[in-house]
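Have a look at the structure below, then the notes.
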Ligand code: SF4
């Protein structure tokens with residue numbers, strides 16, 4: 001095996017955690033760097049941050065390469081006012097269901113866990129299917145699924161909506177976001193410097209690698225789709241380092257075992273049928289054009305906002321005072337640079353949203369420790 005050769009490594013499944021392969025990839029990255037130039041690489045995925053920290057990749061790679069996490073945690077970017085909508089519905093007596101990570105997210109209106117403590121019927125589910133089952137088991141109650149996440153969770157929701165046959169007492173409070181528009185926004189922020197993107201492998205399964213082609217084409221920004229094993233992340237870094245050294249900006253795919261250029265056409269069609277694409281707020285980031293998904297008018301009977309007839313207005317300043325989550329989510333600082341990190345803000349007592357979710361950068365850093 002020639003570990004420095006991406007084409008060879010990519011075909012060897014077992015190699016992705018092999019210490020010698022990892023070492024050779026690190027050496028290849030070092031050789032692939034432009035002398036004297038620091039590279040700032042951004043990923044936009046909690047799972048990538050998890051892999052980077054779990055495997056200590058920041059400590060392994062040359063100091064010249066900095067990996068920053070962008071806004072890749074759907075729980076973290078979910079705006080307070082949308083959690084406020086979920087709280088309002090729960091306090092009106094509906095059964096509010098959502099993923100476990102959402103329960104503890106702090107907002108000016110409290111958290112869903114607070115509402116549960118007050119007596120609201122808030123339930124943790126593992127999937128939309130569980131929520132639908134709950135609706136069937138409780139025909140006399142309204143059951144709402146607070147449906148958050150990026151393309152990976154939006155696609156199965158879209159499939160069920162399009163298929164139809166959902167119970168009459170079931171509705172969706174959607175807070176889905178699309179990843180590429182947020183990445184485009186980052187490129188327009190003057191003080192956010194990025195030399196290359198690692199694109200999220202699982203989102204790419206749905207959208208296809210071609211979804212990222214806009215970055216090299218329109219912004220001369222190198223992009224490589226990467227998987228989540230240590231060797232896969234390093235392979236992505238290597239492919240980026242080589243591009244940058246050669247002055248190229250092209251779309252690379254370091255995850256071809258599951259990501260094809262076109263993605264999952266059935267999933268994409270379901271999303272196109274179920275959702276309209278609208279401007280949307282990202283907590284800590286701002287309003288991002290064409291980055292939110294709302295149910296199309298023909299599915300309004302499934303829309304909890306229609307059913308419960310309300311709309312909470314977005315707040316501009318929606319992070320708690322002193323919280324640096326916006327800087328973490330824009331890749332401007334590492335979590336350990338927030339003055340509250342592991343002091344006022346800990347996994348047991350999260351102050352900002354990035355310390356709540358398993359995909360939150362601050363929680364991941366707290367779990368695996370700072371790189372040395
Ligand atoms: Fe936000 Fe807490 Fe992270 Fe600071 S340590 S950025 S307050 S989540």
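The values are calculated or read from the model by the stated rules, or taken from the named source; none is laboratory data. These numbers were taken from a predicted model, which means no experiment stands behind them. Note that each Cβ is placed from the backbone with ideal geometry, even for glycine, and that neighbours are counted across all protein chains shown.
If we scan the range 54-72, do we find a residue that is over 30 Å from residue 18 (Cβ atoms) and in contact with a strand residue (DSSP E or B) (Cβ under 7 Å, 6 or more places away or on another chain)?
Yes, the range 54-72 contains a residue that is over 30 Å from residue 18 (Cβ atoms) and in contact with a strand residue (DSSP E or B) (Cβ under 7 Å, 6 or more places away or on another chain).
When you scan the range 149-213 for helices (runs of 4 or more DSSP H) that lie fully inside it, which ones turn up with 1 or more residues that are more than 18 Å from the chain's Cα centre (by Cα) and over 25 Å from residue 258 (Cα atoms)?
Correct list: 151-163.
With respect to residue 210, is the statement that it is touching a helix residue (DSSP H, G or I) at 6+ places or on another chain (Cβ under 6 Å), touching a residue at least 12 places away in the same chain (Cβ under 8 Å) and farther than 15 Å from residue 45 by Cβ true?
no
Please state which of the following conditions residue 129 fails to meet, knowing it meets all the rest: (1) touching a helix residue (DSSP H, G or I) at 6+ places or on another chain (Cβ under 7 Å); (2) closer than 29 Å to residue 180 by Cβ; (3) not in a strand (DSSP E or B).
Among (1) touching a helix residue (DSSP H, G or I) at 6+ places or on another chain (Cβ under 7 Å); (2) closer than 29 Å to residue 180 by Cβ; (3) not in a strand (DSSP E or B), residue 129 violates only (1).
What are the residues in the range 358-368 that are within 10 Å of the ligand (Cβ to nearest atom) and either within 27 Å of residue 189 (Cα to Cα) or assigned to a loop (DSSP other than H, G, I, E, B) (or both), if any?
Hits for the range 358-368 are 360, 361, 362, 363, 365.
Pairs, please: C-beta under 6 Å, at least 6 apart or cross-chain, first residue in the same structural domain as residue 105 (by TED's automatic domain parsing) and in contact (Cβ under 8 Å) with a residue 12 or more places away in the chain and in the range 118-133, second surrounded by 15 or more Cβ atoms within 10 Å (Cβ to Cβ) and part of a loop (DSSP other than H, G, I, E, B)?
Taking only residues 6 or more apart or on different chains, the pairs are 131/125.
Which members of the range 345-362 meet the condition of being touching a strand residue (DSSP E or B) at 6+ places or on another chain (Cβ under 7 Å) and free of Cβ contacts under 8 Å to residues at least 24 places away in the same chain?
Once the filter is applied, which keeps residues that are touching a strand residue (DSSP E or B) at 6+ places or on another chain (Cβ under 7 Å) and free of Cβ contacts under 8 Å to residues at least 24 places away in the same chain, the range 345-362 yields only 355.
Please specify each residue of the range 187-205 satisfying the condition of being surrounded by fewer than 21 Cβ atoms within 10 Å (Cβ to Cβ) and touching a residue at least 24 places away in the same chain (Cβ under 8 Å). Break it down stepwise before answering.
If we filter the range 187-205 for residues that are surrounded by fewer than 21 Cβ atoms within 10 Å (Cβ to Cβ), which is where we start, we get 187-195, 202, 205.
Across the range 187-205, the qualifying residues are 187, 189, 191, 192, 193, 194, 195, 202, 205.
Could you pull out every one of the helices (runs of 4 or more DSSP H) wholly within the range 260-352 that has 1 or more residues that are more than 10 Å from the ligand (Cβ to nearest atom) and surrounded by fewer than 21 Cβ atoms within 10 Å (Cβ to Cβ)? So that I can check it myself, show each step before the final result.
Numbers: elements: 265-274, 304-308, 325-329.
Once the helices (runs of 4 or more DSSP H) in the range 260-352 are filtered for at least 1 residues that are more than 10 Å from the ligand (Cβ to nearest atom) and surrounded by fewer than 21 Cβ atoms within 10 Å (Cβ to Cβ), what remains is 265-274, 304-308.
Return a yes/no flag: does the range 86-99 have any residue that is under 30 Å from residue 212 (Cα atoms), at pLDDT 95 or above and not in a strand (DSSP E or B).
Looking through the range 86-99, none of the residues is under 30 Å from residue 212 (Cα atoms), at pLDDT 95 or above and not in a strand (DSSP E or B).
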